[in-house]
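Undergrad: For reference, the structure I am asking about is given below.
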Amino acid sequence: MAETTSLRPIGHLCSRPSRDIASSKVGIGFECLDRKMWDDTDEVYRLTGELGVKHARVQTGWSRCEEVPGVFDFAWLDRIVDQLLAQGIQPWLNVGYGNIHHTGTEHPDAVGWAPIRSDESKAAWCRYVAALVQHFRNRITHYEIWNEPDINCFWVGDSNPHEYMELLKLTVPVVRENQPSAKIIGCAIARGLSNGGAAFLEEYMKDGLVELIDVYSFHRYHIHPELNRPCDVASLRATFKQYGGEHIEIWQAESGCPSVPSPTQALANVPVSEEVQAQVLARSLLTDLTYGFDYTCYFHLSDFKFYYRNGFCEVPNFFGLLTFDDPPRCKLSYSVMQNLCALFDADTTLDPRGLVELGFAGMNASDQKYAFQETIIAAKTGVFRRQGKPLAAWWYPGDLLPQVAGKAPRADQSINLYVWVPEGTIDTPVVIDPMTGEVFEVSFRHAGFAKGVGTQQLVLENVPLKTTPLFVTDRSVIAMQ
C-alpha cells in the first residue's frame, strides 16, 4: 500500500463558543455538585461556555435542597442554572437522590435511597419535586427522574424495575401538574445497550413506560464505544416501536473515560491517559452521532476532588475535561470536544443515504486484498450533511490500550477513500483531524461509475486510516484560523 503523502496542512479549525451556536445534539455532564465533589468557580463557567456544547446535565440533590426538614433552598442550584444559561447552554435536571430526613438513611447524601419505602417519604418527595419544578419552570424544559436505578449502588435494595416504575408513576404527575409543557426523561439506565439493559427496559415497557416519558436515556462506559453495535440500536428502536413509543427520543446521557487510573466507579483501574481519554471521547461522540441518537452527553466537565456516595471517599476521580486545579487546566479532551462541537451543530445532520468505501490502488489484484477486507469490515464510517455539503467520517476502532497486552500501538494505514452521496458535491475537499484541529488540503478526483451513470463519487488518494475519526468536507462550510 502507498505511503500517506496527500495531506498538506493549511490551518486549524476555529472553535466556537456556545453562545454562537444556535443548537446541537452535544452536551456535557455537570453532575455531582449536589455533593460538592468539585468547585463551580466563575472560571469553570467561562471554560464551559468556550466548549461549544449546548446542553448540560445537572443533578438536583434533594439532600442539598432540603437540609432542614420542610425548608427548600435552591440558591446553589440557581447559580448553576443561571451561569450556564448566561453562557448559552441549556441545563436539564436529573432529579434525585434521597434525603436523610425522609428516606431512612444515616448518610447525608442519601444516594440510592429511593423515596418509596413509606408514605411519609413519598409525600416528602412529592413536595420536593413540586417545589423544584415551580422554582425552575421558566428556565428548565427537561426533567430526568433518578439516576441509574438498575444498579444497586444507586438504588438501595434489589434494583427492581417495578420499584423504579413506582417512583416514575409517583413523580411524573407532580412534574406535569406544575409544568404541563415539561419533557420527562426516564430510566437513566446504567446497563445501557447491553442484554441486561434490554431486560430492564422490557419490564419498564410492560409497566407503562411509554405513557410516562418523552425521552429514554441510557449510559455507556466502554474504552471502545463501538462495542455498542448498530444492531443494538436497531433492537432498542424496535422495542419502542413494539410498545407504541416511536415518538420517544433516545439520549445517550452519560458516557466518559478517565484520564488517570483510579479505583472509583466506572472503568476503575484501567491504565488510561489524557491521550486515551481524548481518543475515547472522539470515538464516543462519533458513534452516537452516526447511530442517529437524538442527543449525546459526555461525562464529565471537571475532575472530582473526592467521591461521595453513601459516605465520603477521599479518592479523586479524573473523568473531567478540566482538572480541579485552581485555576483549572484544560486537558487534550477539552480541545477535541471544542473541535467536534464546531463541526456538529444544527448545520450538520445525518445523511443516511451517503456511503463511504475504503480501498487502495490496485487492491483487487493485490495479495493483500482479503487481508484488507478484514480492515474494511471493522472500519467505521458515517456521512453527514453540513450546510448542504457532504461531511464524511472514517476511523478504525482499534485497541487504545495496546500496552496492556504488550503490543505496539497500531500504525496508521494509507488508504483511498471513496465518498458517494446522492445530492451535493465536495468541490474543494479538506480533511480535518479533530484530535489536533488541523485542516489539510488533499489529493482528490471525481470518478464516475459507468457510462450513462451521472452521479460521481469523490476519491481521496493516500489518506490515513487512524484509530480516531477523520473528516472530509468542503472548505466552504468550515471556519479556519
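Undergrad: Take Pro271 and tell me if it is assigned to a loop (DSSP other than H, G, I, E, B), touching a residue at least 60 places away in the same chain (Cβ under 8 Å) and surrounded by fewer than 17 Cβ atoms within 10 Å (Cβ to Cβ).
TA: Yes: the conditions hold for Pro271.
Undergrad: All but one of (1) buried (at least 17 other Cβ atoms within 10 Å of the Cβ); (2) of a type outside the set (A, V, I, L, M); (3) free of Cβ contacts under 8 Å to residues at least 24 places away in the same chain hold for Lys206; state the number of the condition that does not hold.
TA: With (1) buried (at least 17 other Cβ atoms within 10 Å of the Cβ); (2) of a type outside the set (A, V, I, L, M); (3) free of Cβ contacts under 8 Å to residues at least 24 places away in the same chain applied to Lys206, the lone miss is (1).
Undergrad: Test each condition in (1) more than 25 Å from Phe299 (Cα to Cα); (2) in contact with a Gly (Cβ under 8 Å, 6 or more places away or on another chain) for Trp125 and report the one that comes out false.
TA: (2)
Undergrad: Here's a follow-up. Applying the selection to region 384-409, what residues are in a loop (DSSP other than H, G, I, E, B) and touching a Ser or Thr at 6+ places or on another chain (Cβ under 6 Å)?
TA: Of all residues in region 384-409, those in a loop (DSSP other than H, G, I, E, B) come to 387-388, 396-401, 406-409.
Across region 384-409, the qualifying residues are Tyr396, Gly398.
Undergrad: If you don't mind, there's one more thing I want to ask. Just checking, which of Ile432, Ile426 is aliphatic (A, V, I, L, M) and part of a loop (DSSP other than H, G, I, E, B)?
TA: The unique qualifying residue is Ile426.
Undergrad: Looking for whichever is among the acidic types (Asp, Glu) and over 21 Å from Glu226 (Cβ atoms) here; the options are Asp367, Asp433, Asp399, Asp412. Which one fits?
TA: One residue alone meets the criteria, Asp367.
Undergrad: In this structure, is Ala114 modelled with pLDDT of 95 or more, at positive phi and not in a helix (DSSP H, G or I)?
TA: no
Undergrad: Let me ask something else. Looking at Ile189, Ile213, which one is touching a His at 6+ places or on another chain (Cβ under 9 Å), at pLDDT 95 or above, assigned by TED's automatic domain parsing to the domain that holds Tyr128 and within 22 Å of Ser255 (Cβ to Cβ)?
TA: So the residue among Ile189, Ile213 that is touching a His at 6+ places or on another chain (Cβ under 9 Å), at pLDDT 95 or above, assigned by TED's automatic domain parsing to the domain that holds Tyr128 and within 22 Å of Ser255 (Cβ to Cβ) is Ile189.
Undergrad: With respect to the numbered conditions (1) part of a helix (DSSP H, G or I); (2) crowded, with 16+ Cβ neighbours inside 10 Å, which one is the sole condition not fulfilled by Ala199?
TA: (2)
Matching residues to (1) surrounded by 19 or more Cβ atoms within 10 Å (Cβ to Cβ); (2) among the hydroxyl-bearing types (Ser, Thr, Tyr):
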position: Thr60; (1), (2): yes, yes
position: Val68; (1), (2): no, no
position: Val81; (1), (2): yes, no
position: Leu85; (1), (2): no, no
position: Leu93; (1), (2): yes, no
position: Tyr97; (1), (2): yes, yes
position: Val111; (1), (2): yes, no
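Undergrad: So which of Glu177, Glu254 is in the same structural domain as Gln90 (by TED's automatic domain parsing), surrounded by fewer than 22 Cβ atoms within 10 Å (Cβ to Cβ) and among the acidic types (Asp, Glu)?
TA: Details: Glu254 fails: surrounded by fewer than 22 Cβ atoms within 10 Å (Cβ to Cβ).
On inspection, the qualifying residue turns out to be Glu177.
Undergrad: Checking the condition surrounded by fewer than 24 Cβ atoms within 10 Å (Cβ to Cβ), assigned to a helix (DSSP H, G or I) and not aliphatic (A, V, I, L, M), which residue from His107, His135 passes? Give the derivation first.
TA: On the way: His107 fails: assigned to a helix (DSSP H, G or I).
None of the other options fit; the residue is His135.
Undergrad: Hey, another quick one. If I go through region 150-174 residue by residue, how many of them are over 20 Å from Leu93 (Cα atoms) and either outside the structural domain of Arg117 (by TED's automatic domain parsing) or of a type in the set (A, V, I, L, M) (or both)?
TA: 2
Undergrad: In region 350-367, is there at least one residue being over 30 Å from Glu43 (Cβ atoms), outside any strand (DSSP E or B) and of a type in the set (Lys, Arg)?
TA: Yes, the conditions are met somewhere in region 350-367.
Undergrad: Could you list, in sequence order, all residues of region 305-347 that are buried (at least 23 other Cβ atoms within 10 Å of the Cβ) and assigned to a strand (DSSP E or B)?
TA: Within region 305-347, just Asn317 meets the criteria.
Undergrad: Now for a separate question. Would you mind stating whether Arg329 is in the same structural domain as Trp38 (by TED's automatic domain parsing) and touching a Lys or Arg at 6+ places or on another chain (Cβ under 9 Å)?
TA: no
Undergrad: Quick test for you: out of Pro397, Pro390, Pro429, Pro422, pick the one residue that is touching a residue at least 24 places away in the same chain (Cβ under 8 Å) and either in the same structural domain as Thr290 (by TED's automatic domain parsing) or surrounded by fewer than 12 Cβ atoms within 10 Å (Cβ to Cβ) (or both).
TA: From the options Pro397, Pro390, Pro429, Pro422, the qualifying one is Pro422.
The values are calculated or read from the model by the stated rules, or taken from the named source; none is laboratory data. Computed from a predicted model, the values in this text were never measured in an experiment. Cβ: placed from backbone, ideal geometry, glycine included. Neighbour counts: every protein chain shown.
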